[in-house]
């Protein structure tokens with residue numbers, strides 16, 4: 001059955017090109033002047049609502065206001081037999097989406113095409129028109145009247161002499177202003193507050209969130225960045241199975257940097273692309289003209305104006321989108337940085353532990369750190385700092401912890417000299433907590449003063465642990481780790497980092513803490529990681545009594561037993577150490593143990609339960 005085409009005076013319809021929500025586009029021959037055109041006619045029937053008619057008129061008027069070589073030209077706007085129509089130049093080279101076909105384009109070609117588009121969009125903005133639906137399928141390719149010496153039609157490669165980057169084998173033509181917004185009038189036809197207009201894969205966050213009043217020229221700059229991203233990588237910035245998932249990604253996730261997809265892409269061009277894709281409009285290029293100028297600089301071999309955000313800036317931005325305001329750095333370890341932050345929905349202070357990008361892989365997180373966060377949160381001891389939340393921000397794994405304004409034991413050691421009774425009391429409290437962990441089948445594996453937080457009344461709380469099963473792997477590489485943590489490692493962990501921490505590893509950690517409380521410094525201090533690790537492996541800690549005369553022989557014996565190189569010669573359990581510490585608190589000479597030893601009972605055998 002032949003198609004029934006509308007009758008439009010002065011035009012002969014030859015074929016249907018396509019149809020959308022508002023109208024149908026035909027290939028037609030115009031009588032005067034005689035030429036082939038694209039004829040768009042508003043749809044009739046139930047689809048022709050007053051709102052659709054308004055949008056159709058706005059599209060025609062918006063496109064008709066512009067005269068630019070990279071925007072489809074409008075020839076006539078009118079009505080025939082009561083049906084609105086407009087005609088435009090016929091472009092038959094296909095769309096940019098078809099040309100790309102999911103294939104990455106050479107960087108220079110992508111930058112050149114993006115520059116064409118940016119200049120066209122800048123012209124539209126000068127006419128107070130925001131497109132709002134820029135995407136590869138709304139960009140047409142015309143092969144008429146262009147110079148084929150610049151970019152090969154099939155290969156997309158430049159020939160020699162590309163200083164003039166304004167010519168290519170095809171020209172680009174922006175079309176479909178059906179969602180265009182007039183900046184010089186409040187009449188847009190669509191813009192009800194909360195309405196989400198545009199194509200999900202290319203819409204800016206303010207569009208995805210339905211924040212109509214924020215939509216402006218920088219909305220189109222975001223879309224230009226999305227098109228450039230697809231030209232560089234072969235895919236849009238975000239992909240999802242549903243519209244809801246896509247909107248969530250646009251609002252909360254960062255696009256994967258293009259150089260992670262194709263490592264040899266120029267960093268400057270990546271910086272330009274990601275600046276367009278900033279979540280906050282104010283962080284994008286101010287105008288499309290500024291974007292075009294930066295692409296000019298790239299194509300001319302000059303440094304671009306845009307600067308990539310620092311890792312801290314990217315982290316802070318994504319954290320803020322989840323409600324966490326990063327305030328300041330609290331401290332750092334071999335693989336992590338801890339920040340003081342505010343959870344704004346509850347006005348609550350928290351600590352945010354971040355594993356900077358590259359220090360933790362997704363596989364390590366899935367198999368170790370993520371599991372450790374879940375298991376650690378399941379522990380119910382009041383002196384264990386739980387993990388409230390864990391995930392990824394800007395390529396960095398993170399954990400949300402309770403914040404303690406009193407700081408860590410490391411901070412206290414800088415300003416306070418502990419007496420023997422204070423050191424015994426604090427270490428016995430820690431031994432009680434570690435004993436609880438061991439009864440739950442959990443080994444901390446990373447005990448040191450910086451992982452002991454002090455709550456009110458100096459009650460210690462333990463944080464930052466590795467589970468048995470390898471969370472410790474790779475955390476103390478000499479080339480990466482600062483000296484601060486190496487002196488606290490147990491000898492067996494230094495000798496073979498593949499070892500899993502065991503209960504006797506925690507006993508060693510408790511001994512190190514006790515030693516530092518009594519001496520004011522850890523037992524092993526050197527100028528290089530190698531020297532510290534050699535001391536941990538082969539040298540005994542200096543005797544406490546040589547420096548601190550208040551340390552009794554009994555106390556020194558307990559501490560040095562914790563620090564024995566052979567893990568099997570230490571206290572078997574944290575509970576055994578706890579009993580000895582409590583006895584020393586009652587009697588610094590520990591006469592009870594000495595009396596048992598005189599009767600021939602091996603040390604420690606009467607201390608187990």
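The values are calculated or read from the model by the stated rules, or taken from the named source; none is laboratory data. Note that the structure is predicted; figures quoted are calculated from it, not measured. Positions of Cβ are generated from backbone atoms using ideal geometry, with glycine treated the same way; all protein chains shown enter the neighbour counts.
Among the numbered criteria (1) part of a loop (DSSP other than H, G, I, E, B); (2) crowded, with 17+ Cβ neighbours inside 10 Å; (3) in contact (Cβ under 8 Å) with a residue 40 or more places away in the chain, which single criterion is violated by residue 306?
(3)
Taking the condition touching a strand residue (DSSP E or B) at 6+ places or on another chain (Cβ under 8 Å), under 24 Å from residue 113 (Cβ atoms), assigned to a helix (DSSP H, G or I) and in the same structural domain as residue 139 (by TED's automatic domain parsing), does residue 294 pass?
no
Check off (1) at pLDDT 85 or above; (2) in the same structural domain as residue 571 (by TED's automatic domain parsing); (3) out of contact with any strand residue (DSSP E or B) (no Cβ under 8 Å at 6 or more places or on another chain) for residue 480 and give me the number that stays unchecked.
That leaves (1) as the condition not met.
Just to be sure, is residue 438 more than 15 Å from residue 353 (Cβ to Cβ), touching a residue at least 24 places away in the same chain (Cβ under 8 Å) and part of a loop (DSSP other than H, G, I, E, B)?
no
Is at least one residue of segment 22-29 in a helix (DSSP H, G or I) and either out of contact with any helix residue (DSSP H, G or I) (no Cβ under 6 Å at 6 or more places or on another chain) or free of Cβ contacts under 8 Å to residues at least 60 places away in the same chain (or both)?
no
Of all residues in segment 324-339, how many are out of contact with any strand residue (DSSP E or B) (no Cβ under 6 Å at 6 or more places or on another chain) and loosely packed, with under 15 Cβ neighbours inside 10 Å?
Of the residues in that region, 0 qualify.
Kindly indicate the residue of segment 533-556 that is surrounded by 16 or more Cβ atoms within 10 Å (Cβ to Cβ) and part of a helix (DSSP H, G or I) and also farthest from the chain's Cα centre (by Cα) among those meeting that condition.
Going through the qualifying residues, I end up with 554.
Looking at (1) more than 25 Å from residue 578 (Cβ to Cβ); (2) not in a strand (DSSP E or B), find the lone condition where residue 392 falls short.
Of (1) more than 25 Å from residue 578 (Cβ to Cβ); (2) not in a strand (DSSP E or B), only one is false for residue 392: (2).
Restricting to segment 343-358, name every residue that is part of a loop (DSSP other than H, G, I, E, B) and either more than 17 Å from residue 388 (Cα to Cα) or under 18 Å from the mean Cα position of the chain (by Cα) (or both).
356, 357, 358
Can you tell me which residue within segment 204-224, out of those that are touching a residue at least 60 places away in the same chain (Cβ under 8 Å) and under 20 Å from the mean Cα position of the chain (by Cα), is farthest from residue 136 (Cα to Cα)?
Checking each candidate, the answer is 206.
It is to be established whether one or more residues within segment 382-390 are crowded, with 19+ Cβ neighbours inside 10 Å and closer than 30 Å to residue 547 by Cβ.
The answer is no, given that none of the residues of segment 382-390 is crowded, with 19+ Cβ neighbours inside 10 Å and closer than 30 Å to residue 547 by Cβ.
Tell me, which residue of segment 445-454 that is part of a loop (DSSP other than H, G, I, E, B) and modelled with pLDDT of 90 or more is surrounded by the most Cβ atoms within 10 Å (Cβ to Cβ)?
447
With the condition being modelled with pLDDT of 95 or more and surrounded by 20 or more Cβ atoms within 10 Å (Cβ to Cβ), I'd like the helices (runs of 4 or more DSSP H) fully within segment 239-278 carrying at least 2 qualifying residues.
Qualifying helices (runs of 4 or more DSSP H): 267-276.
Going residue by residue through segment 322-342, is there one that turns out to be farther than 30 Å from residue 308 by Cα, at pLDDT 90 or above and assigned to a loop (DSSP other than H, G, I, E, B)?
Scanning segment 322-342, I find no residue that is farther than 30 Å from residue 308 by Cα, at pLDDT 90 or above and assigned to a loop (DSSP other than H, G, I, E, B), so the answer is no.
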